[in-house]
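J.: Mind having a look at this structure? Questions to follow.
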Amino acid sequence: MTENTNSNETNSFQKQKRKEEMQKQLISFALMIVFTIIAFVVVATGMMDGMFVIPILLILAIIQVAFQLYYFMHMKDKDHEMPALMMYGGMWAAILTVAGLGVISWW
């Protein structure tokens, strides 16, 4: 009988896709570890003034949150539009609330 070569091509395509996805996740995991080490070194060594440490830590934290959402929470995949919309909408509402309270407090 004839072999179904289409399924073999599909399987190899899926394997390649999974391999690329795993590489991306490992790279992002390694970057998050590096960002954590950078944050630890900046705080532990005291090599910077506190005025500069806090913004650096916040920037590193925002980058790590983006990596977490994009790669590990699979927000880049299809059929995740509604959860992504809800999460990003909630973040936007939180940012607006904090900004509004900040303006009210320090005005």
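J.: Just to be sure I understand the model, the point goes 7 Å from the Cα along the line to the Cβ. What's the resulting residue 76 to residue 42 distance in nm?
T.: Between residue 76 and residue 42, the simple spin-label model gives 2.4 nm.
J.: Exactly which GluC sites (Glu not before Pro) in the range 3-65 are in a DSSP loop and have at most 13 other Cβ atoms within 10 Å?
T.: When the GluC sites (Glu not before Pro) of the range 3-65 are filtered for loop state and at most 13 Cβ neighbours within 10 Å, 3 remain.
J.: Could you derive backbone 3J(HN,Hα) for the range 52-65 from the dihedral phi with the Karplus parameters 6.51, -1.76 and 1.60 (θ = phi - 60°), listing whole Hz in sequence and x where the residue is Gly or Pro?
T.: Going residue by residue, I get 9, 5, 4, x, 5, 5, 5, 5, 4, 5, 5, 5, 5, 4 Hz, with x marking Gly and Pro.
J.: Also: Using per-residue counts of other Cβ atoms within 10 Å, averaged over each peptide, order 74-87, 29-42 from highest down. Can you show the working numbers first?
T.: On the way: 74-87: 11.4, 29-42: 13.0.
My ranking of the peptides, most packed first, is 29-42, 74-87.
J.: Test of understanding: what is the full-extension gain from residue 69 to residue 103, defined as 0.36 nm times their sequence separation minus their Cα-Cα distance? Can you show the working numbers first?
T.: Working: separation 34, 0.36 × 34 = 12.24 nm, distance 2.88 nm.
Fully extending the segment from residue 69 to residue 103 adds 9.4 nm.
J.: Turning to a different aspect of this structure: What residues from the range 53-78 fall in the zone where the backbone N is under 14 Å from a label point 7 Å along the Cα-to-C-beta line of residue 17?
T.: Once the point is set 7 Å along Cα→Cβ of residue 17, 77-78 turn out to lie under 14 Å by backbone N, inside the range 53-78.
Just so you know, all these numbers are worked out from the coordinates, no wet-lab data involved. Just so it is clear, the structure is predicted and the values come from calculations on it, not from any experiment. FYI the Cβ positions are ideal-geometry reconstructions off the backbone, even for glycines, and counts take in every protein chain you see.
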